[in-house]
Each structure stands twice: as C-alpha cells, then as structure tokens.
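Encoded as structure tokens, the structure appears first; notes follow it.
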Amino acid sequence: LSNLNDLQVNSLEFQHGKDLGAPCAHMPSLHTDPSGSFEYADPVGTCATGPSTCHDVYSSCTLNPNSKHTGHLCMCNENYILQNGTCVYAGVPPPMGSGVSSCQVLITGSWQRLDVHKGHKGRHDIMDEYIADIRRARSTILISNQYFISQRSGQKEVDEYTHPRNEVGLEIWAKLKAKIDQNEPFSVVIFITIKTGDSHMPTMKTLFDNKDKENPGGLKPKLIKYLKDKGSNKDWRDYLAIAFMANVADAEYLERHGVPNRTQGFPAEGKALFYPIFLHTKAIITNGAAQIGSANLNDRSLLGSEESDAELNIRVVGRGSFEFLEQVMQRYTLHSAPLFDNSAPKWTHLFHRGVLAREINSIASDNNHKMAAYYGFDFESGEDWRYDYRRMFPGETQALKPVEAMFQLEGKESRVARSTEFAAMMQGDGQDPWYREVSGPRPTLAGFIYPWTENIYGDPYDEFWLGTQNTNALLRGIVN
C-alpha cells in the first residue's frame with residue numbers, strides 16, 4: 001500500500017475513444033463483495049457493457065473490474081487498490097502513506113478580467129473542480145472560507161433579494177443525502193468567518209434558511225428535517241459542523257504569547273479581551289484532493305461571468321492534501337491529534353472514517369461552554385449570560401422571546417442599537433464591548449473553534465440586514 005497514492009487516484013490505462021452511446025449504470029457502493037458481478041460505470045458519460053471503454057467529454061479509459069471512471073481519471077472503487085493493473089479489495093485505505101502529489105493551477109476569469117474565453121463565456125475551472133471533488137468525496141468535505149454563499153432549494157419562492165447561482169451548496173447536500181440513504185458515515189465541516197460585511201445575510205441563508213418549514217433552503221435545517229423524516233436515530237452533528245474562529249485573552253495570556261503590556265489596548269488586570277478571528281483562508285479538502293487559493297465560495301469568485309473577479313487556486317492531489325489537512329486542524333485547534341476521539345492518532349484518521357464533524361462539534365461545544373462561564377458569550381444559544389441570558393443580537397423585526405414580548409422589556413430602538421454594536425464587534429470594528437471583567441484565570445481552550453449556530457443572529461430575513469446593497473437591484477446582483 002505504501003507505494004500507492006493516498007487517495008487511490010491511480011490512473012489505469014488512458015485511451016482516446018469515441019462515445020459508445022450506451023447509458024451507464026452506477027457502480028456498486030462501499031463494501032461491495034469483490035467477487036460479485038459489476039457493471040462498468042461512468043457517471044458523467046456513456047459506456048459499453050462488459051469489459052468496456054468508458055467515455056466522457058474529456059477522455060476515455062479502459063476499466064478493469066472494481067474500477068470506475070470519474071471525470072478526468074480512471075479510479076479504483078472505494079476500498080480497492082491498484083495492483084498489477086487490476087483493482088484489488090484492500091479494505092479501508094490507510095490514513096497516510098508515501099507517494100507523490102501532483103498539483104494543478106485553476107482559474108476563474110472572464111474576457112474582462114483575464115482575457116480568457118471558453119466558448120462565449122468565461123472560465124470557471126475552480127467551480128468545476130469544486131463540484132467534481134465534492135462528487136468524488138468518500139468520507140469528508142472540509143471547507144474553510146470567508147464566505148459560504150450558494151444556491152439553495154426554494155430560494156426564489158421565499159426570498160426577494162438573494163438568489164446566488166453557483167450550485168456548490170446543492171452538491172454538498174446531494175452528497176450528504178446520498179450518504180445518509182446508504183447509511184454510511186460522512187462529514188461536512190465548514191469553518192467560516194462569523195461576520196463578513198454586506199455579504200453576511202446570503203451566507204446565513206445558505207446555512208440556516210428555514211423560512212419554508214416543509215422545504216428548508218439552509219443546509220443545517222434541511223439536514224435536520226431529512227433525518228427526522230427518515231426516522232433516523234442519527235444526530236445531525238454526526239454529519240455537519242459549522243464553526244467560526246475567535247479568541248479571549250487576559251493579560252497573562254497575552255504576555256505569555258509575547259505581547260508587551262505597553263501595547264495599546266492591553267487589558268487591565270481583572271479584565272479580558274474577546275475578539276473574532278477574520279478567517280481569510282479559501283480552501284476545500286476532500287478525500288485526497290485539496291484546493292487553496294484566492295476564490296471565495298460565492299458567485300463572484302466561481303461563475304466566471306462578467307461580474308466575476310479574477311481568481312487563482314492550486315489543486316493538490318495526493319499526500320500533500322492530507323498534510324495540508326493536518327496543518328489546518330493543528331492551526332485551528334492547536335492540537336496535532338483529536339481531543340475527544342482517542343482512537344485516532346491523527347486528524348486524517350477521522351477524516352477517512354467520516355466522523356470528523358462529530359469531533360469538531362465536540363471541540364466547539366466545549367470551548368463555547370468555557371467561554372460562556374468565563375466571559376458570558378454563549379454562541380450555541382445566542383445568549384449573554386452576563387445580562388440575564390438576553391440575546392446578544394436581538395435584531396430589528398425577528399420574534400421576541402415570550403418573556404420579552406410579555407413584558408416589553410426592550411424597545412425596537414434599543415434592539416437595533418445593540419444589534420449594530422454586536423455585529424460591529426463580530427466584524428472587528430471598534431472595541432466596545434470587547435473588554436469585560438472576569439474572575440479567575442483564562443480557561444484552557446482547544447484553539448479558536450466556536451459553534452456558529454442559527455441562534456447567534458437569529459432570523460436571516462430580519463430587516464436589520466436589508467440595506468441598500470440588498471434592496472437595490474444593481475448592487476444586489478453584485479453582492480449575490
């Protein structure tokens with residue numbers, strides 16, 4: 001196994017061929033008996049029956065038993081490895097192994113930005129490979145990005161303002177749904193900035209839109225409803241983790257990390273400083289492939305239309321993608337191995353087993369509990385423990401808690417003012433209310449991961465978010 005590529009994208013024999021015209025059947029799923037009979041599949045093209053040559057718009061290749069054609073490459077099916085030109089059953093692949101990596105430059109561009117053409121349209125190689133890697137993912141999709149804005153089901157029926165066109169979010173949901181139906185473990189882990197300027201509302205809707213209760217558009221409520229409708233005993237946290245980055249620091253913590261106490265804004269004794277961490281990494285990691293570069297997960301970075309920015313990503317296939325995964329997880333958690341699942345010596349093991357989401361949720365929840373007890377911010381409930389558990393972000397028009405509505409505890413003007421202050425803080429603008437009095441030492445936290453839940457900002461359709469950039473048709477198109 002050590003001589004094989006980590007993610008089993010071992011090329012078989014490539015051949016130039018013609019479209020054979022027969023529809024393809026899908027390959028058997030994970031754990032298929034290798035002694036069984038197989039149909040040879042090309043999910044994106046056509047193929048002949050029996051020992052066959054499959055063909056798609058890029059190339060054609062000869063397939064051996066237990067192999068499949070996926071877009072650009074002939075690949076061994078899951079749990080099979082390439083030996084002497086044949087795919088042989090080998091169980092779950094090792095988390096790490098020797099072997100080389102390959103890399104590829106991808107671009108998004110239009111004739112306006114990069115003077116590139118693809119037919120009558122610009123190039124959207126980055127988006128194409130995002131979707132291809134999501135479709136090929138066997139156990140985990142990890143995304144780290146400043147934005148997460150994508151098309152969602154039913155958006156035109158419930159949303160007057162935000163209609164993104166890229167289908168990355170829909171592809172992620174399709175993969176999740178398929179794995180749930182197959183009763184296979186799978187994880188989608190999303191690390192994202194907690195507040196991103198005027199594009200914040202579309203991100204919230206992509207993640208949490210639940211306006212249509214029967215057909216939720218947001219990824220999380222859609223997942224929860226699907227599990228409930230199926231009567232599944234699985235927890236949504238087994239499949240999906242959404243987290244943002246932040247930190248809390250007192251004087252001792254900052255001095256220990258080399259910050260001079262004469263630094264402007266240095267917290268006084270008995271006080272601590274909370275601050276969000278602006279996540280600017282743009283990366284996606286799937287089984288054995290990773291992209292990193294300049295492209296955000298939104299239309300401007302992916303579509304290659306006239307409004308698109310010029311973007312450049314590097315896609316790495318092979319061992320390097322797993323090394324990158326280990327670096328990302330160590331950077332975000334400050335640990336070189338999982339904390340709660342002691343059976344895994346490296347993050348890559350959880351990645352391959354499809355259980356990374358559960359671990360990230362456990363870390364984020366533990367950090368959140370310690371943060372709430374120490375500083376008062378509870379991101380799971382969206383409440384401030386220091387002020388009678390009131391909402392940190394009450395919004396402008398979203399429904400009040402029953403006790404708030406009964407006693408009219410706070411007027412609209414006050415709610416808007418507090419919401420403005422909180423949103424500015426989470427975007428890193430200004431200082432108040434960053435500083436708070438604390439008792440005792442800063443708790444030991446696992447890096448910088450906290451749960452981004454729908455309770456932090458509440459209803460993404462709240463009128464608080466409706467500024468000119470959303471209601472003006474021209475600007476709205478750019479924002480989307």
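A few notes on this one:
- Residues in segment 362-389 that are open to solvent by less than 30 Å² (accessible area, probe 1.4 Å) and either at negative phi or of a type in the set (S, T, N, Q) (or both): I363, A364, N367, N368, M371, A372, Y374, Y375, F377, D378, F379, D384.
- Subset tally (residues that are of a type in the set (G, A, S) and within 16 Å of P216 (Cβ to Cβ)) for segment 159-203: 2
- Scope segment 224-240; condition assigned to a loop (DSSP other than H, G, I, E, B) and surrounded by fewer than 17 Cβ atoms within 10 Å (Cβ to Cβ); matching residues: K230, G231, S232, N233, K234, D235
- A243 falls short on exactly one of the conditions (1) part of a loop (DSSP other than H, G, I, E, B); (2) open to solvent by less than 10 Å² (accessible area, probe 1.4 Å); (3) under 19 Å from L356 (Cα atoms), and that condition is (1).
- Filter result (part of a loop (DSSP other than H, G, I, E, B), under 32 Å from the mean Cα position of the chain (by Cα) and among the acidic types (D, E)) within segment 259-300: none
- Verdict on R165 being touching a residue at least 40 places away in the same chain (Cβ under 8 Å), under 24 Å from E359 (Cα atoms) and among the basic types (K, R): no
- Scanning segment 391-404 for residues that are at pLDDT 90 or above and open to solvent by 50 Å² or more (accessible area, probe 1.4 Å) yields a single hit, R391.
- Contacts under 8 angstrom Cβ, first residue in segment 430-443 being open to solvent by 70 Å² or more (accessible area, probe 1.4 Å), partner at pLDDT 90 or above and in a loop (DSSP other than H, G, I, E, B), 6 or more apart: E437/G270; S439/G270
- Sole residue being within 30 Å of D250 (Cα to Cα) and part of a loop (DSSP other than H, G, I, E, B), chosen from E396, E380: E380
- Test: residue in segment 210-223 that is of a type in the set (K, R), open to solvent by less than 60 Å² (accessible area, probe 1.4 Å), within 18 Å of the chain's Cα centre (by Cα) and more than 26 Å from M425 (Cβ to Cβ): yes
- Restricting segment 339-361 to residues that are aliphatic (A, V, I, L, M) and crowded, with 18+ Cβ neighbours inside 10 Å, the residue that is nearest to the chain's Cα centre (by Cα) is A357.
- Just one of (1) open to solvent by 20 Å² or more (accessible area, probe 1.4 Å); (2) touching a helix residue (DSSP H, G or I) at 6+ places or on another chain (Cβ under 7 Å) fails for L254. It is (2).
- Complete set of residues in segment 301-319 that are in a helix (DSSP H, G or I) and farther than 21 Å from R353 by Cβ: S301, L302
- On inspection, G440 fails the criterion of being at pLDDT below 90 and either within 22 Å of M201 (Cβ to Cβ) or among the small types (G, A, S) (or both).
- Tallying residues that are of a type in the set (A, V, I, L, M, F, W, C) and at pLDDT below 90 within segment 120-159 yields 1.
- Any hit, segment 303-314, residues being open to solvent by 40 Å² or more (accessible area, probe 1.4 Å) and farther than 27 Å from K121 by Cβ: no
- Restricting segment 186-208 to residues that are among the small types (G, A, S) and open to solvent by 10 Å² or more (accessible area, probe 1.4 Å), the residue that is nearest to V168 (Cα to Cα) is S199.
- Residue-level analysis places S336 among those that are part of a loop (DSSP other than H, G, I, E, B), open to solvent by 10 Å² or more (accessible area, probe 1.4 Å) and of a type in the set (S, T, Y).
- On inspection, T193 does not qualify as touching a Pro at 6+ places or on another chain (Cβ under 9 Å), of a type outside the set (D, E, K, R) and within 13 Å of R152 (Cβ to Cβ).
- Qualifying residue in segment 320-333 (condition: under 24 Å from N145 (Cβ atoms), not in a helix (DSSP H, G or I) and not β-branched (V, I, T)): no
- Cross-chain or 6+ apart pairs with Cβ under 7 Å, segment 101-112 first and of a type in the set (A, V, I, L, M), then open to solvent by 70 Å² or more (accessible area, probe 1.4 Å) and part of a strand (DSSP E or B): V105/L312; I107/R123; I107/L312
The values are calculated or read from the model by the stated rules, or taken from the named source; none is laboratory data. Since the model is a prediction, treat every value here as computed from it, not as a measurement. Quick reminder, even Gly has a Cβ in these numbers, built from the backbone with ideal geometry, and neighbours come from all protein chains shown. All accessible areas refer to the heavy atoms of the entire protein, side chains included, with ligands and DNA or RNA removed. Shrake-Rupley method; radii C 1.70, N 1.55, O 1.52, S 1.80 Å.
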